[in-house]
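Read the figures in this text as sums done on the coordinates, not as results from a lab. Quantities reported herein were computed from a predicted structural model and do not represent experimental measurements. So basically every Cβ, Gly included, is an ideal-geometry build from the backbone, and we count neighbours across all protein chains shown.
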Amino acid sequence: MAGMSRRQVLRTGVAAGVSAAAGLAFPALLRAQGKPLKIGLLLPYSKVYAVLGESITNGMRVVFEAEGNRVAGRPVELLREDDEVSPPVGLRKLRKFLTSDQVDFVVGPVSSAVAAAIRDPIHQAKVILLNANAGDNALTRERCSPYIFRTSFSNWQTSYGLGAWAKQHIGGTAYLTGSDYAAGYQIVGAFREAFVAAGGTVVGESYVKLGSTDYAAIMAKIGAVGPALSFSFFAGSDAVHFVKQFAEFGLKGKVRLTGAGFLVSDDVLESQGDAAVGAVSTLHYTRTLQNPQNLEFRKRYQALTGKPPDVYAVQGYDTARVILEALRRTGGDTTDPERLSGVIRGIQFESPRGRFRFDPATHNAINDMYVMEVRRGDEGLANYVVSVVKELKDPGHCPNITA
Amino acid sequence: MDLAFLVTQALNALQAGMLLFLLSSGLALIFGVLHVINFAHGAFYMLGAYVGLTGLALTGRFWLAVPLAVLVVGAVGALVERAFIRRLYGADPLAQALLTFGLLLVLDEGVKWLWGPQIRSLPTPEALRGTIALLGVPYPAYRLLVVAVGGVAAVTLWLFLERSRLGAILRAGVSDRQMVAALGINLGVLFAFTFGLGAGLAAFGGVMAGPIASAYPGMGVEVLIKAFIVVVIGGLGSLKGAAVGSLLIGVAETFGQALAPDWAMVAVYAVMVAVLLWRPTGMFGAEAAT
C-alpha cells in the first residue's frame, strides 16, 4: 500500500459509502474504480515557452508521484501533447484529447492565444479545463465557462498591483513594452491603468513580436526618452533577451527595470545573471517564500528534477492538487461535469504560493501578489519579497457561472 | 527623432545585417555550388551557438570557443554532405527540401536531447561588457565587435573566392560542374568542403549571435526564413547579393521595429516584393552568379 495513506483509504471508503447511501453515483463509481485517470497536458514542449511546459508537468508529477500515481483508486496517466505555442496546433491536439484519448481533464495551455482557440470546444464538450498558465482576462470574464478553472493568474492580476507601488517608490514616468499578443496588451494595460490612476505618466509604448531575439530598436527608444522606469511583459527566452540587452545598452542604472514577474522569474534569472539585479516585479510566487508548504515543495521538486522550482512548477503543482482534491471528493468519479465543476469551485488548500482558492464568481485563483526585487542574497540570485498586495481578485464578472 | 537615436539604429541595422550575412553567405554558397536548397542551414547556426556554449564551458575562453564551434560544425556539415546530401545531386528539388528539412528537425531534437530544452545564455566576453561611445552615443562594445567581425569575414570570403585557387575552382564549379570534373578535380571532396564551409559560416553566425540572442532549440528555424529572404532578394547563389541583401534586411527590420513595430515584418517582406518586382532573379541573380 505504498503511496496510499491510511487517511486516503478512509476517505475513499467514506466517499464510497456516502455515494452508496445516496444510491445514485455508485454504479458510476464502480465503473470509475481502476479505470485510468487520463489527464491531457496541452502544453508547449518546444519553442519560446518550452521550459514553462516542462515546469508545469514536473510540478504535477511531484503531486502524483507522492500518491504513487494513483488518485482515488485510479492510476494516473499524464498524456503530453506539444501545442507549439500555436493556436491551430493546440486546437488539433485538443481534438485528439477529446475524441481518441477521451481524457478526464485537460491541463494547459501556456499561451493565451492557444487558450482563446480551445475555449469553445472545451465549453461544448463539457470537459474540465484546468488552465495552468494562460492569463487571458477574457477566459474568466466574458468568455468564461463553468468547465474552465484557472489555477494560475489573470493577466490583470500580474501587473495591476505594481502600478501604484512603482509610482510611489520609483518615479512618475514610465516606458511600457510587451510581447505583441493578447497577454502583452492586457498585462501592460493593467499596469498602465494603475500607474496612471496613481498619478504617473506613460511616455512611450512598444510591442515586439513573440520570440524576437533582438530588442536593440526598443533600447534605442527607451534610451532616447529616458523615463524613470521601464515596465515590460516578456516571458521565457524573450525575457532573457530583453533584460540582458537592457543592461548591454547601458540603460540599467539610469532607468529602473520593472515588469510582470515573468520578466525575471526563477526560470530565466539564471540566464540573465547580473543584468537582472535590481529589477522589480510582481508575481504570485517566488522560490524564496518561507512558508512550510514551499519549503517542503522545494525539497520534493529538487529531488524529482534536480532543479529549484519556478512559478510555473507551482502552477502545475496546484493544478494537480486541485485534481487530487476533486477526485477525493467525488470518490474518483469524473463522469458528471456539472458535479465536478461544483466540487472544484469549493476547493481550497495551503499551497507553496500561500492560500490557494478559487473566486467562485469567475473560477480564477485569488492570489496574494508579491512585489519583489532581484538581489543576490542567502538564496543566491533570486526574487526577494519587498511588499505584498493581499488577496488580489480579478475584477471580472462571469455571467455563465452560477455561484 | 534625434541624432543619437539614428546612430544607435544605424549601428543596430549594421550589426543585424552582419549576423544575417554570416548565415546567408553559407546558404548562398551551398546553393551556388551544389544547387541544393539547404533547409538544414538554420540547424548549423543553432549548432554553432551550442558547440560554442560547450566550448566556453570547457575552455572558459570565448576566443577559443568561436573557432572550435566553426571547425566542429564545419566538420559535421562535411559529414552530412557525404552521408546524405550527395545522394540527391540533380534530384528533384522537393526531395532535397524534404531531406534537409528532415535534418533540421532531427538536429533540433538532437540539441534538445543533448543540451536540454531551456534557453542557454552565452556570456559576453568580460572585456566587451561595457559600452563604447560613437559620436557621443553609447553602444554595446560586443555589438561593435560583431560588426567588425562580420566585415572582416565578408572581405576574407571575397578574397578567398576571387583570389585563391580553391576559390577559382569553386567559382568554376558554380558555372560548369562537368568542366571542373574534366579538369581532374575531385568533385566529391570539393562538394563536401563547400558544404562544410557553408555550415561553418552558419556556425560562426550562431556563436557570434550567442551573447546577443542566447542559444535555444528552434532558433535555427526562426533565422532561416530571414536568411532565405536575403538569398532570394540578393539572387540565388550570389555572395555579393547575400551581403547587400543582409544589410538591406537588417535596415528594414531594425528601423521597422523602432518606427512601426506592428509593421516590422511587413517591412521585410515589402523589401522583398519591391526587389523581386524590379528584378525577378534578385539583385545579383542569374547573369552575375558569384
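Odds and ends about this structure:
- Based on Cα contacts under 8 Å between residues 6+ apart, chain B shows a relative contact order of 36 percent.
- Only the Cβ atoms of Lys and Arg (+1) and of Asp and Glu (-1) were treated as charged; on that basis the dipole of the protein assembly as shown about its Cα centre amounts to roughly 960 debye.
- Taken one residue at a time, the phi angles of segment B:70-80 give Karplus couplings (6.51, -1.76, 1.60, θ = phi - 60°) of 4, 5, 4, 5, x, 5, 4, x, 4, 5, 4 Hz. Gly and Pro are set to x.
- Other residues whose C-beta falls under 14 angstrom from the C-beta of A:Glu142 contribute a net charge of 0, scoring Lys and Arg +1 and Asp and Glu -1.
- Signed unit charges on C-beta, dipole axis of the protein assembly as shown, positive-most listed residue A:Leu210, B:Leu159, A:Val76: A:Val76
- For chain B, the Cβ-based charge dipole about the Cα centre amounts to some 560 debye (Lys, Arg positive; Asp, Glu negative; other atoms uncharged).
- For A:Lys221, the lysines whose Cα comes closer than 30 Å to its Cα, not counting residues fewer than 8 places off in the same chain, are A:Lys47, A:Lys167, A:Lys209, A:Lys244, A:Lys252, A:Lys254, B:Lys226.
- Rounded to 10°, Cα long-axis angle of helix B:219-234 versus longest principal axis of chain B: 70 degrees
- Rounded tilt (10° steps) of A:155-169 against the dominant C-alpha axis of chain A: 40 degrees
- Relative contact order %, segment B:144-290, counting alpha carbon pairs below 8 Å whose residues are six or more apart: 20 percent
- Candidate cross-link partners of A:Lys38 among the lysines, defined by an alpha-carbon separation under 20 Å and a same-chain spacing of 8 or more, comprise A:Lys93, A:Lys96, A:Lys126.
- Ranking B:Gly136, B:Gly184, B:Ile233 by Cα position along the charge dipole of the protein assembly as shown, where only Lys, Arg, Asp and Glu carry charges on their C-beta atoms, puts B:Gly184 farthest toward the positive end.
- Angle between chain A longest axis and helix A:292-305 axis [Cα atoms, degrees, rounded to 10]: 90 degrees
- Helix-only CD estimate at 222 nm, as mean residue ellipticity for chain A, using -39500 (n - 2.57) per DSSP H run (n ≥ 4): -13500 deg cm²/dmol
- Considering only A:Ser112, A:Pro227, A:Phe149, the residue lying farthest towards the positive end of the dipole of chain A is A:Phe149, judged by Cα position with unit charges set on Cβ.
- Distant-in-sequence amide H partners of A:Asp136 (H built 1.01 Å from N, under 5 Å): A:Ser112, A:Asn155
- Each Cα pair under 8 Å and six or more residues apart adds its sequence gap; the mean of these over the residue count of chain A is a relative contact order of 18 percent.
- GNM flexibility winner over chain A from A:Arg339, A:Arg80, A:Arg141 (Cα, springs under 10 Å): A:Arg339
- Max mean-square fluctuation residue, GNM over chain B, Cα-Cα springs under 10 Å, options B:Gly188, B:Gly52, B:Gly173: B:Gly188
- Calculated [θ] (222 nm, deg cm²/dmol) that DSSP helices of n ≥ 4 give over chain B, each run adding -39,500 (n - 2.57): -25500 deg cm²/dmol
- DSSP finds beta bridges in the protein assembly as shown, and of those with both partners inside it, around 40 percent are antiparallel.
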